[in-house]
1. In nm, what is the difference between 0.36 nm times the number of residues separating Ile151 and Val41 and their Cα-Cα distance?
2. Going by how many other Cβ atoms sit within 10 Å of their own, how do Phe58, Phe152, Phe143 line up, fewest first?
3. Given a Förster distance of 25 angstrom, what is the FRET efficiency for Lys112 paired with Asp55, based on the Cβ-Cβ distance and rounded to 0.05?
4. In nm, to one decimal, how far is the modelled label at Trp179 from the one at Phe90, with both set 7 Å along Cα→Cβ?
5. Count neighbours as other Cβ atoms within 10 Å of each site's Cβ, and list the trypsin sites (Lys or Arg not before Pro) in the stretch 34-96 that are DSSP loop with at most 10 such neighbours.
6. Can you give the helix-only mean residue ellipticity at 222 nm for the chain, where every DSSP H stretch with n ≥ 4 adds -39500 (n - 2.57) and the sum goes over all residues, rounded to the nearest 500 deg cm²/dmol?
7. For the stretch 179-192, just list the computed ³J(HN,Hα) in residue order, Karplus coefficients 6.51, -1.76 and 1.60, θ = phi - 60°, integers in Hz, with x standing in for Gly and Pro.
8. Show me, for the stretch 147-160, the HN-Hα J-couplings you get by feeding each phi into the Karplus relation (A = 6.51, B = -1.76, C = 1.60, θ = phi - 60°), rounded to Hz, glycine and proline as x.
Amino acid sequence: MKFDHSYQQYPQKFYKFVPTRKTLEFTSINIEGPKVITPKVFGDSRGYFFESYNDGDFKSAGLDLDFVQDNQSMSHKGVLRGLHFQKPPFDQGKLVRVIAGAVQDVIVDIRKDSPTYGSAFDIELSGENNLMFWIPPGFAHGFCTLQDNTIFSYKCTNLYHPSSEDGIPYNDPSLNISWALDEVQLSDKDLLFKPFKEFTSPF
């Protein structure tokens, strides 16, 4: 029997089908906007499967997003990347997760009118816990790798725009961030950010 590849015999195309079951759980934190996302993991003796993104679940959670770029990095233990953001109109929302290894993921609220301006939040993301973290625009973001060969993945709502990139020091004392590691490796760029007290937020 010849298989019909046109799908015209079906009432709707396969990619329009939205399942009724939810596979992602969204949890708020003590700062308005970001969400911790826990996937439903299906595992057996062969391994596991989970949905790392589901547009229907995101919309049900009030997050109608348009991701335009996916990024992935590999870092050895002790590498610290951050705290970064892109200035408007090239500001980015990020959906971050760890495929292998583990990180301490950190955000700082830099929305001038926010009651939690300057507040930091951190969470461990790993290939073991499969947690994801939604970070809206208006936050500086960074992470420190806790294991060698850590693979970090993130989806962005805007394209990378080098001239709009900026940041704040990861170890600024006014942010009161308790990093998990005392010794870290940073890029030259991440050593040049102004102290937070001299920082003027574009948000």
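1. Working: separation 110, 0.36 × 110 = 39.60 nm, distance 1.92 nm.
Taking Ile151 through Val41 to full extension adds about 37.7 nm, to one decimal.
2. Values: Phe58 19, Phe152 23, Phe143 29.
Fewest-to-most ranking of Phe58, Phe152, Phe143: Phe58, Phe152, Phe143.
3. On the way: r = 31 Å, r/R0 = 1.25.
Efficiency at R0 = 25 Å is approximately 0.20.
4. About 2.6 nm separates the two model spin labels.
5. Details: sites: Lys35, Lys40, Arg46, Lys59, Lys77, Arg81, Lys94; in loops: Lys40, Arg46, Lys77.
Answer by residue number: Arg46.
6. Details: 1 runs with 6 residues, N = 203.
Mean residue ellipticity at 222 nm (helix-derived): -500 deg cm²/dmol.
7. Result, ordered by residue: 6, 6, 10, 7, 10, 9, 10, 10, 6, 4, 4, 6, 8, 9 Hz.
8. For the stretch 147-160, the Karplus-derived couplings read 9, 5, 6, 7, 9, 10, 10, 8, 9, 10, 8, 8, 6, 5 Hz, x marking Gly and Pro.
Coordinate-derived values only; no laboratory data. Only a predicted model underlies this, so the values are computations on that prediction, with no experimental measurement involved. Counting neighbours? That spans all protein chains shown, and the Cβs are built from the backbone with ideal geometry, glycine included.
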